[in-house]
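Presented below is the structure to which this report refers.
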Amino acid sequence: MLEALDRGIPLRLGYRVHWCAEGGRAPESRVLEMRYFPLSRHYELREDHSGSRRTFARRSALLAALDRVRLSLSPPPGCGARIAVALDLTSLPTPLRFPAFLEPSQWRLVSPEYAWNGNGA
């Protein structure tokens, strides 16, 4: 994955948010896209929903920024959520999809589900 990123292939991380049953809301999705621009020699992290973009001079700084991702979500009052993250293999260029599905150890990136109580904790 990192080699693909360093060659300018964007990697998309899909965040899936399932709200509590009392909230009556459908699950929400957010996408973060990581990309390297070889000509300008910088990395970029973009959130699709808010359109925010952050740039980084080094890949390590981009990856470290993933620890501090803040998604713009508006939960129903008093409602918690379950959040999970996964690499979107379907967004890869066609020549990379086949190896990604055949070599899951190299391309599989799925987080465990995280329970969020909605009170900021």
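Computed from the coordinates by the stated procedures, all read-outs in this text should not be read as laboratory data. Just so it is clear, the model here is predicted, and its values are computed rather than measured. In this analysis, Cβ positions are derived from the backbone assuming ideal geometry, glycine residues included, and neighbour counts consider all displayed protein chains.
What to note about this one:
- Rg/Rh for the chain, where both radii come from Cα atoms and Rh is the Kirkwood radius: 1.01
- For the chain, the residue among MET1, LEU11, ALA57 whose Cα projects farthest onto the positive side of the dipole built from Cβ charges is ALA57.
- Of the trypsin sites (Lys or Arg not before Pro) found in region 37-70, those that fall in a DSSP loop while having at most 12 other beta-carbon atoms within 10 Å are ARG41, ARG58, ARG70.
- Remark: the ASP6-HIS49 segment gains 13.0 nm on full extension, using 0.36 nm per residue and subtracting the alpha carbon distance.
- Projecting the Cα atoms of ALA115, SER91, TYR36 onto the charge dipole of region 27-121 (Cβ charges, centred on the Cα centre) puts TYR36 farthest toward the positive pole.
- Estimated inter-spin distance, LEU73 and TYR114, nm [label 7 Å along Cα→Cβ]: 0.9
- Estimated dipole of region 1-72 in Debye, rounded to 20 [Cβ of Lys and Arg +1, of Asp and Glu -1, Cα centre]: 240
- Relative contact order %, the chain, counting alpha carbon pairs below 8 Å whose residues are six or more apart: 26
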